[in-house]
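*Asks:* Quick one: this structure, given as structure tokens, is what I'll be asking you about.
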Amino acid sequence: MSDPLRRIDALVEEDTLPTLKVRQQLRLAAGLTQTEVAEAIGVKRLAIARWEAGVTQPHRGNRLAYAHFLRALAAKYPAAAVEEASDED
């Protein structure tokens, strides 16, 4: 694989966010409030609420920080990183 392709893959992977449900599951598994997550990333609590609800998406810099934060939580709480099957399945 060429270097440009590796750099592209790295960018895609480093800012990929989990599903909306998993984002919230990870935060709750860690026992964190939206305010605590917001303070860690450097945004307002309303931003976290909107990101978890899918109303808005974080901009590039915040997206990288949020994705990094969620990956760290997923490593610590792997069970929370799994999308549960719905009752309709």
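*Asks:* Select from region 51-74 the residues that are hydroxyl-bearing (S, T, Y) and in contact with an Asp or Glu (Cβ under 9 Å, 6 or more places away or on another chain) and list them in ascending order.
*Replies:* Residues of region 51-74 that are hydroxyl-bearing (S, T, Y), as a first pass: 56, 66.
Y66, the sole residue that qualifies.
*Asks:* Note down all Cβ pairs under 9 Å where the first residue falls in region 65-78 and is more than 11 Å from L17 (Cβ to Cβ) and open to solvent by 80 Å² or more (accessible area, probe 1.4 Å), the second is of a type outside the set (S, T, N, Q) and assigned to a helix (DSSP H, G or I), and they're at least six residues apart or on different chains.
*Replies:* From region 65-78, the pairs are A75/A81; K76/L26; K76/A29.
*Asks:* OK, next. Being within 19 Å of A75 (Cα to Cα) and either more than 10 Å from the chain's Cα centre (by Cα) or open to solvent by less than 70 Å² (accessible area, probe 1.4 Å) (or both) is the requirement here; does Q34 meet it?
*Replies:* Values: within 19 Å of A75 (Cα to Cα): no; either more than 10 Å from the chain's Cα centre (by Cα) or open to solvent by less than 70 Å² (accessible area, probe 1.4 Å) (or both): yes.
Spelling it out, it is not the case that Q34 is within 19 Å of A75 (Cα to Cα) and either more than 10 Å from the chain's Cα centre (by Cα) or open to solvent by less than 70 Å² (accessible area, probe 1.4 Å) (or both).
*Asks:* Could you list all residues from region 1-26 that are in a loop (DSSP other than H, G, I, E, B) and either touching a Cys at 6+ places or on another chain (Cβ under 7 Å) or at pLDDT below 55 (or both)?
*Replies:* M1
The values are calculated or read from the model by the stated rules, or taken from the named source; none is laboratory data. What you see is a predicted model, and the numbers here were worked out from it, not measured in a lab. Note: ideal-geometry Cβ built from the backbone for every residue, glycine included; neighbour counts use all protein chains shown. We work out accessible area using only protein heavy atoms, side chains counted, and drop any ligands, DNA or RNA first. Shrake-Rupley method; radii C 1.70, N 1.55, O 1.52, S 1.80 Å.
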